[in-house]
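Colleague: First, the structure itself, so that you have it in front of you.
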């Protein structure tokens, strides 16, 4: 592999993308194929994964659909083995994207089943992905991992505790892994968007009032999944750790770090009116 391509990990990659049947995951898979990569398209919904594969192959790319429930370590391990078998070598890029939405009740009122469901997918999914794929990438001394978190990881908006905690965990996981991978040739980026035009609200466990508000904001202000995927991959190629594709995420990040008490009080007030 030429030095130029090694510096651009998103180009001509052997990529594995979870939750790639729709939304941001599908956008990552399509964009990686457009950049000359071969893509393993993974989703718990095999039919959805096959639709993404069809879109890739219709455009002249190469892709394979593999079903995977990221909450199960055995299935993620099998995904890795199936990917290595198809690539005939280790993957070079992994996007831990699979996720679900949750929100509505206050802490203490949110059912523990919703906590478990959210953390199992949003946090244990990336943990499983990093646990299985990080050693493979480290061993070959080249590659990239993108973990999909959210601006909720640091935003800490009220009535979204389970989701916030899950994404904060992904942020910390990514920062830790980036430190551990320093000097190995494997780069780690973590994606922290705000509103993106996906189906995460309609497929999540969110009360009707907040689902309607979030859905409206996604439709009117949300960034396209394609744009989010492109910004993320370009950031990975530049060696950036944090991917915040929207201005409001960047502003929130700076406010929280500079004025933590004021930020928390302000977001609390806003939370009482939404």
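Colleague: Using a Gaussian network for the chain with springs between C-alpha atoms less than 10 Å apart, which of these wobbles most: 256, 167, 50?
Modeller: Among 256, 167, 50, the largest mean-square fluctuation in the Gaussian network model of the chain belongs to 256.
Colleague: With bins 5 Å wide starting at 0, give me the P(r) of segment 1-149 over every alpha carbon pair, in whole percents.
Modeller: Taking every Cα pair in segment 1-149, the percentages come to 2, 11, 19, 23, 19, 12, 7, 4, 3, 1, 0, 0.
Colleague: Now for a separate question. Hey, what number do you get for the chain at 222 nm if only DSSP H runs of n ≥ 4 count, each worth -39500 (n - 2.57), divided across all residues, to the nearest 500?
Modeller: Computed ellipticity for the chain at 222 nm equals -17500 deg cm²/dmol.
Colleague: Give the angle, between 0 and 90 degrees and rounded to the nearest 10, that separates the Cα long axis of helix 112-122 from the longest principal axis of the Cα atoms of the chain.
Modeller: Orientation of helix 112-122: about 30 degrees from the principal axis.
Colleague: Continuing with this model, one more query. Report relative contact order for the chain in percent, whole number only (criteria: Cα-Cα under 8 Å, sequence separation at least 6).
Modeller: Reported relative contact order: 19 percent.
Colleague: Using the count of nearby Cβ atoms within 10 Å as a rough guide to exposure, how do 171, 247 rank from fewest to most?
Modeller: By the 10 Å Cβ count, ascending: 247, 171.
Colleague: Shifting gears a bit: Under a 10 Å cutoff between Cα atoms, tell me which one of 59, 108, 125 has the largest fluctuation in the Gaussian network model of the chain.
Modeller: The residue with the greatest mean-square fluctuation here is 108.
Colleague: Also: May I ask for the angle, rounded to the nearest 10°, between helix 208-221 and the longest principal axis of the chain, with both axes built from Cα atoms and the value confined to 0 to 90°?
Modeller: It works out to around 60 degrees.
Colleague: Gain in length, residue 12 to residue 199, computed as 0.36 nm per residue apart minus the alpha-carbon separation, to one decimal in nm?
Modeller: 64.4 nm
Colleague: Determine the gain in length on full extension of the stretch residue 269-residue 58; use 0.36 nm per residue of separation and subtract their C-alpha separation, reporting nm with one decimal.
Modeller: Gain in length upon complete extension: 71.0 nm.
Colleague: Here's something else I'd like to know. Any idea what angle helix 161-181 forms with the longest principal axis of the chain, computed on alpha-carbon atoms, 0 to 90 degrees, nearest 10?
Modeller: 40
Colleague: Sorted from fewest to most neighbouring beta carbons within 10 Å, what does the list 62, 113 look like?
Modeller: With the fewest neighbours first, 62, 113 line up as 113, 62.
Colleague: Most exposed first by the Cβ proxy, i.e. fewest other Cβ within 10 Å, how do 131, 187 rank?
Modeller: Exposure proxy ranking, most exposed first: 131, 187.
Colleague: I've got another one for you. Suppose R0 equals 35 Å. What FRET efficiency, 1/(1 + (r/R0)^6) with r the Cβ-Cβ distance, do residue 259 and residue 138 give to the nearest 0.05?
Modeller: 0.35
Quick note: the coordinates plus some simple rules give every number you see, no bench work behind them. Since we're looking at a predicted model, the values are computed, not measured. With ideal geometry, Cβ positions are generated from the backbone for all residues, glycine too; neighbour counts draw on all protein chains shown.
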